[in-house]
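Presented below is the structure to which this report refers.
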Ligand SMILES: [Fe+2]
Ligand SMILES: [Fe+2]
Ligand SMILES: [Zn+2]
Ligand SMILES: [Zn+2]
C-alpha cells in the first residue's frame, strides 16, 4: 500500500449544505490491492454577516488545501473563530497554522489541555461551556454538550439558524457493507454526497463495526438506548434538521440514520450474557 | 531533569503538569503536580524513546535527550498512543535528532503534522505496529516486537483496557510495563517532589484516587461490564510479574511490592461498586 503524501480535496467540495454552512472535506485516499477508498476528514465553515467559525481544523497534511479554500470562502476577511471539537490531530492539528494565518483568531470550546500541546497559542484560547453562544451576525453558534465522545474534553456545536448539529466523532459511520476499515470510508465519487443522496444505505453491521472500534467503550457499556434517547431529545429540543460529523457523509436525514447507528451501537456490546 | 530507573538501560524524562483546573484527564478539583513521562530505553549505542512528552516541556526533554544520546544523536520512537500528550514533541525532536524509526498504530501518520519536505523525508521511517486488523476492530493478540538492539526487544500489545487505539510495551530486560494512559494516578504535592513511588517513599495512594484518575478519562467504566477487564489485567500481571509500571503520566511505580499494591487498587477501581 503506497501512502499518499497529500490529502486531496474532492472536486465536489466545498459545498453549501445549509444556510451559511459550508462542508469542506479533505479525503485521505487509501490504496488497497483492488481499489481506492477514501476517509472523510471534514471541517465546516459557518458564516454570518460579520464573523465566521471553523468547526474542526482538519489534518495538518491537508493544510494547503484548507487554507486556500478558506481564502476562497472568506473572500479577504479574517477567520474570527475556530471550534476544535477535541484535541486529536484530525480535529485540531492545524491550530498552530490557523493562528499563524489569522493572529487574532479566537479558539473557542473546551480548551482544557491545549496549553500543554500548543503553548504558542495560549493567548488565543477562550474557554466555553455548553450553552455559551458566539454571535456571527444573523447567525449564531452554540456550544453543546457532546453526548457521544471519545475524549473527556469533546464538545458538540449547533448552528440554530441552519439547523445543523456538529457531532465530531459521533455519527461517523461507513455505508459500504463490503468495506471493513476502522475509519468511516467511502468510495471516490461519494465524497460530497449527503446521506439522502447515497445510492447504498447504511448497514447496521457497518455501524456496529465502526462503533466497536472507534468508540471502543461500546463493547463494555450496554447503554446504547440511553445514549441515543438523549441524542434524540437534544435533536427535538434544539430543532436539529441535519447532522455534520467529522468523518462521514453529511447527514441530511437524521431520523432515518439514527435508528441504524443506534442498532449498530447496541450490537457492538460484547457481554450480553454477562448481564443479569 | 531525568531520572535513571535501571542503570544504562532505562531513564524517565519529562516535566510536571500543574493541576490547576485546565487539565481534562484528572478528577475535578485535583491539585498538585502530575509528572509527564517519556522513557528512554538504551542498549549499547541504540536508543528507543517511548512517547515524547508534552510540547510545553519541549525544551527540557530535548536538552535531556541531548545529554543522554548526544547532540543530534540517533533515536527510534514508539508511541503508545497517537494522542497529543504522547506525540506533541515529535517535530522538535525531528529537528534536533535523527529519528531512525517511528513505531505507531492507527491510521494517522504523525509525520503528517510536518511540512511537506520533512514529511517526504521521514514518511518511510514509520513502522505500522497494527498493520493486520481483525474482523471486529480488535487489535488484541498480535504482539509485535520492536528490536531495540540485537538481543533486546520491546514487546508491544494492544491492551483490552484502553480508550483510543493504544499499545502497551513490555521490556523484559528491566521488568518494565509501559501502560500509557492507565496507572496515571500518582501525583506530587510539589513540582520538585518524588516522581517515583518505590519502597523508600511513604505511599498514601488510595483506591478512590486510582478510580478518580481512571474514570476521569475512562468515564464509561462505572457503567460498564468490568469482569473481562479485571481478568485480563490480573492475567497480564501474573504472566509478566513486572517490577516497574511506567505510565505516560503520573508517578512511576517501582518495585514488586509497590506494583502488586497498585494492581490491587486498579482491580478494585475496576469493580466500581467497591469504590
Ligand atoms: Fe476522536
Ligand atoms: Fe476519528
Ligand atoms: Zn475524529
Ligand atoms: Zn472522498
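When DSSP assigns beta bridges and you keep just the ones with both residues in the range B:12-108, what percent turn out antiparallel, to the nearest 5? Expressed as a percentage, antiparallel bridges in the range B:12-108 total about 60.
When A:50, A:265, B:262 are sorted by how many other C-beta atoms sit within 10 angstrom of their C-beta, beginning with the fewest, the order is A:50, B:262, A:265. Maximal additional length on extending the residue B:238-residue B:219 stretch stands at 4.2 nm, based on 0.36 nm per residue less the C-alpha distance. Residue ranges B:150-156, B:118-124 sort as B:150-156, B:118-124 when ordered by packing (mean number of other C-beta atoms within 10 Å per residue, highest first).
Annotation: the residues B:190, A:262, sorted from fewest to most other C-beta atoms within 10 Å of their own C-beta, follow the order B:190, A:262. Applying 1/(1 + (r/R0)^6) with R0 = 41 Å to the Cβ-Cβ distance of residue B:201 and residue B:117 gives a FRET efficiency near 0.30. With a simple spin-label model that places each label point 7 Å from the Cα along the Cα-to-Cβ direction, the separation between residue B:227 and residue B:173 comes to 4.1 nm. In a fully extended conformation the segment linking residue A:187 and residue A:71 would gain 39.0 nm over its present Cα-Cα distance, using 0.36 nm per residue. Taking B:16, B:89, B:109 as the candidate residues, the one with maximal mean-square fluctuation in a Gaussian network model of chain B, Cα springs under 10 Å, is B:109. The alpha carbon centroids of the range A:37-107 and the range A:191-215 are separated by 25 Å. Backbone N atoms of the range B:181-220 closer than 16 Å to the 7 Å Cα→Cβ label point of residue B:260 belong to residues B:198-200. Label-to-label distance, residue B:60 versus residue A:197, with points set 7 angstrom from Cα along the beta-carbon direction: 5.2 nm. In the elastic network of chain A, a GNM with C-alpha springs shorter than 10 Å, the most mobile of A:33, A:208, A:18 is A:33. Note on chain B: helix-only mean residue ellipticity at 222 nm, from DSSP H runs of 4+ residues weighted -39500 (n - 2.57) and normalised by residue number, equals -7500 deg cm²/dmol. Reported to the nearest whole Å, the Cα centre-to-centre distance from the range B:12-57 to the range A:229-264 is 38. Of all the options A:192, A:39, A:239, the one that moves most in a Gaussian network model of chain A with Cα springs shorter than 10 angstrom is A:239.
As a rough footprinting exposure proxy, the listed residues A:43, B:239 were ranked by other beta carbons within 10 Å of their own, and the order from fewest upward is B:239, A:43.
With a Förster radius of 51 Å applied to the C-beta separation of residue A:135 and residue A:205, the computed FRET efficiency comes to 0.75. Each listed q (0.11, 0.20, 0.21 Å⁻¹) maps to a log10 I(q)/I(0) for the range B:18-161, found by the Debye formula over equal Cα scatterers with no solvent: -0.46, -1.29, -1.36.
Only the coordinates and a few stated rules stand behind these numbers; no lab work does. Everything numeric here is computed off the predicted structure, so don't read it as measured data. Quick reminder, even Gly has a Cβ in these numbers, built from the backbone with ideal geometry, and neighbours come from all protein chains shown.
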